[in-house]
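See structure below.
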Amino acid sequence: MILRTAFATSDGIEVDRHFGASKRFDIYEINTESNIYKRIDIRTVENACLNHNHDDKRIEAVVETIADCNYVFAELSGTRARIELEKKNIQSVDVERPIKDILDNILFGKVKLIDKRYAEIKKKRLNSNFTKLQKKHPCMSGGANLTAGRIHLPVSPSCNIQCKFCTRQFDKSLIRPGVSSLVLKPEEAVDTIRKAKEICPELTVVGIAGPGDTLATDFALDTFSKVKENFPELINCLSTNGFCLPAKVERIAEIGIETITVTVNAIDPEIEAKIIDYVIDEKGVKHEGVEGAKLLIANQLEGIKRAAELGIVVKINSVLCPGINDKHIEDVARKVSELGASILNIIPLIPQNGMADVPAPTCVELDEVRQKAGRYIEVFRHCQHCRADALGIPGKGKDLHNELYKDRKEVAAETFSHG
């Protein structure tokens with residue numbers, strides 16, 4: 001078999017450029033039957049990225065320049081580039097290594113090309129359900145992000161931790177996690193989903209992501225029980241801070257919830273204590289600082305391990321807080337992968353509340369952390385900061401929550417948090 005590959009390079013030796021920043025692509029043909037490869041062309045382009053902003057026409061032009069290739073290897077390919085590459089059936093592979101090493105490793109079977117990443121180290125075997133969910137869950141793959149719909153049911157009103165970056169409010173238009181225009185009762189879920197399926201026929205996932213933490217009360221699990229009974233074809237997805245996960249993971253499995261997302265911002269209590277103010281245990285006791293951080297981390301790691309053992313697909317969210325956990329998320333990625341998590345979503349901090357003075361990470365900083373974490377676990381790169389009452393196809397950029405709830409009265413503002 002003949003494979004044609006493009007390498008984003010500045011010197012013809014190393015893959016050392018992001019797709020959008022590269023002005024040069026070296027083209028190689030690999031003959032996997034005769035174990036021979038050779039460079040057949042050097043193609044120069046106008047780089048698509050200018051001052052960290054991407055020009056769509058330039059991206060299209062660069063993709064067209066390498067349209068005869070099966071693969072493109074770059075330090076990193078952004079969402080817009082991946083979309084254009086996929087249109088041409090070109091698989092983008094993120095890697096930073098000498099071109100010769102990549103060619104040798106591929107040719108002689110030392111590596112495999114896995115889900116658009118170059119994987120040289122041995123990773124924990126993926127949950128077999130993960131690959132199935134990737135085709136239908138918009139938070140599991142870039143492809144499904146553009147085709148599959150999801151609804152978030154805002155049935156969880158309260159939280160058991162206080163994150164420093166969490167601002168509590170009801171809002172009809174603000175797009176970010178933890179925001180909702182209302183709180184539903186579990187018994188309203190079935191009718192809400194029926195209406196949602198009319199508005200969004202592509203609906204495949206029912207999620208609960210707040211506005212508080214899904215496991216701080218029983219409302220979310222009661223809701224999922226009703227959803228499973230009435231809509232068995234829909235995937236159930238639960239997001240949590242993980243503090244109550246060990247105590248409730250058995251019931252999660254019994255209900256048949258296919259996947260959970262656990263927000264893990266640190267596995268070092270000293271770092272975690274800079275991100276959260278306190279946790280409140282099942283007896284109502286508040287634990288602040290490092291003490292609270294230790295309790296939270298211990299419960300998160302125990303819950304992740306147990307959930308994976310029960311066959312639940314585990315996704316991890318980590319909020320990237322520059323100067324606090326930016327050098328630490330790689331350790332988080334390594335640990336949660338060992339425990340059985342399947343995918344990691346690194347979310348850029350929105351500076352607000354107690355972290356209003358912490359700068360949001362730049363695109364370069366975010367890409368660097370994602371690349372390091374990707375050595376240990378699949379990294380999701382298409383997060384849309386979805387609301388707790390979201391409806392629609394995330395990658396389409398249009399939220400239908402206002403249409404879904406247009407007949408409901410506005411609720412009075414009050415305080416709550418989210419996981």
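Derivation of every value follows stated rules applied to the coordinates shown; laboratory data play no part. The model shown is predicted, which means the values in this text are computed figures rather than measured ones. Neighbour counts are summed over all protein chains in view; Cβ atoms, including those assigned to glycine, are modelled from backbone coordinates with ideal geometry.
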For this session: State to the nearest 20 debye the size of the charge dipole of the stretch 1-46 about its Cα centre, where the only charges are +1 on K and R beta carbons and -1 on D and E beta carbons.
Result: 100
For this session: Compute the relative contact order of the chain as a whole-number percentage, counting only Cα pairs closer than 8 Å that sit 6 or more residues apart in sequence.
Result: 17
Exercise. What is the Cα centroid distance between the stretch 28-102 and the stretch 244-298, reported in whole angstrom?
Worked result: 41
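Of the beta bridges DSSP finds with both residues in the chain, what % are antiparallel, to the nearest 5?
45
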Exercise. So for the pair residue 286, residue 185, with labels modelled 7 Å out along Cα→Cβ, what separation do we get in nm?
Worked result: 3.1
Exercise. Among the trypsin sites (Lys or Arg not before Pro) within the stretch 374-409, which fall in a DSSP loop and have no more than 14 other Cβ atoms within 10 Å of their own Cβ?
Worked result: 398, 406, 408, 409
Problem set entry | When each of 135/164; 195/274; 164/335; 57/398 is checked by Cα-Cα distance, pairs over 32 Å | 135/164; 195/274
For this session: Quick one: angle between helix 363-373 and the longest Cα principal axis of the chain, in degrees between 0 and 90, rounded to 10, please.
Result: 90
Seminar exercise, completed: Distance in nm between residue 36 and residue 1 label points, each 7 Å along Cα→Cβ, equals 2.0
Exercise. Dipole magnitude of the stretch 234-355 about its Cα centre, charges +1 at Lys/Arg Cβ and -1 at Asp/Glu Cβ only, in debye to the nearest 20?
Worked result: 160
Exercise. Among 215, 271, 247, whose Cα sits farthest toward the positive end of the charge dipole of the stretch 171-284 (+1 at Cβ of Lys/Arg, -1 at Cβ of Asp/Glu, about the Cα centre)?
Worked result: 215
For this session: Using the Karplus curve 6.51 cos²θ - 1.76 cosθ + 1.60 with θ = phi - 60°, work out ³J(HN,Hα) for each residue of the stretch 309-319 in order, rounded to whole Hz, and write x for Gly and Pro.
Result: 5, 7, x, 7, 6, 10, 10, 10, 9, 10, 7
Exercise. Which of rounded, prolate, oblate describes the stretch 201-306, given a ≥ b ≥ c as roots of the alpha-carbon gyration tensor eigenvalues and a/c under 1.5 marking rounded, otherwise prolate only if a/b is larger than b/c?
Worked result: prolate
Exercise. Once every DSSP H run of n ≥ 4 in the chain is given -39500 (n - 2.57) and the sum is divided by its residues, what mean residue ellipticity at 222 nm do you get, rounded to the nearest 500 deg cm²/dmol?
Worked result: -8500 deg cm²/dmol
Exercise. Can you list the trypsin sites (Lys or Arg not before Pro) in the stretch 14-83 that are in a DSSP coil and have 16 or fewer other beta carbons within 10 angstrom?
Worked result: 23
Exercise. Does anything in the stretch 291-327 have its amide N under 19 Å from the 7 Å Cα→Cβ label point of residue 96, and if so which residues?
Worked result: 320-327
Exercise. For the stretch 375-391, in order, what is each residue's ³J(HN,Hα) by Karplus, 6.51 cos²θ - 1.76 cosθ + 1.60 with θ = phi - 60°, in whole Hz (x at glycine and Pro)?
Worked result: 5, 10, 7, 4, 10, 8, 10, 10, 4, 10, 6, 5, 6, 6, 10, 5, 8
Exercise. Cα gyration tensor of the stretch 128-404, axes a ≥ b ≥ c as square roots of the eigenvalues: rounded (a/c below 1.5), prolate (a/b > b/c) or oblate?
Worked result: rounded
Problem set entry | HN-Hα J in Hz across the stretch 398-405 - Karplus 6.51, -1.76, 1.60, θ = phi - 60°, x for Gly and Pro | 10, 9, 9, 5, 5, 5, 5, 10
Exercise. What full-extension length gain, to one decimal in nm, is calculated for residue 58 and residue 385 as 0.36 nm per residue of separation minus the Cα-Cα distance?
Worked result: 115.0 nm
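Using a simple charge model, +1 on the beta-carbon of Lys and Arg, -1 on the beta-carbon of Asp and Glu, nothing else, what dipole does the stretch 2-119 show about its Cα centre, in debye to the nearest 20? Could you put the intermediate results ahead of the total?
Numbers: 19 positive and 21 negative charges, 25 e Å.
Roughly 120 debye, rounded to the nearest 20.
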Exercise. Pick from 89, 345, 236: which is most flexible by mean-square fluctuation in a GNM of the chain where alpha carbon atoms under 10 Å apart are linked?
Worked result: 89
Exercise. Between 390, 347, 140, whose Cα lies farthest towards the positive end of the dipole of the chain when Lys and Arg beta carbons carry +1 and Asp and Glu beta carbons carry -1, centred on the Cα centre?
Worked result: 140
Exercise. Among 48, 12, 103, whose Cα lies farthest out toward the positive end of the dipole of the chain, if unit charges sit on the beta carbon of Lys, Arg (+1) and Asp, Glu (-1)?
Worked result: 103
For this session: Run the quick spin-label model on residue 10 and residue 147: label points 7 Å from Cα toward the beta carbon, then report their separation in nm to one decimal.
Result: 3.8
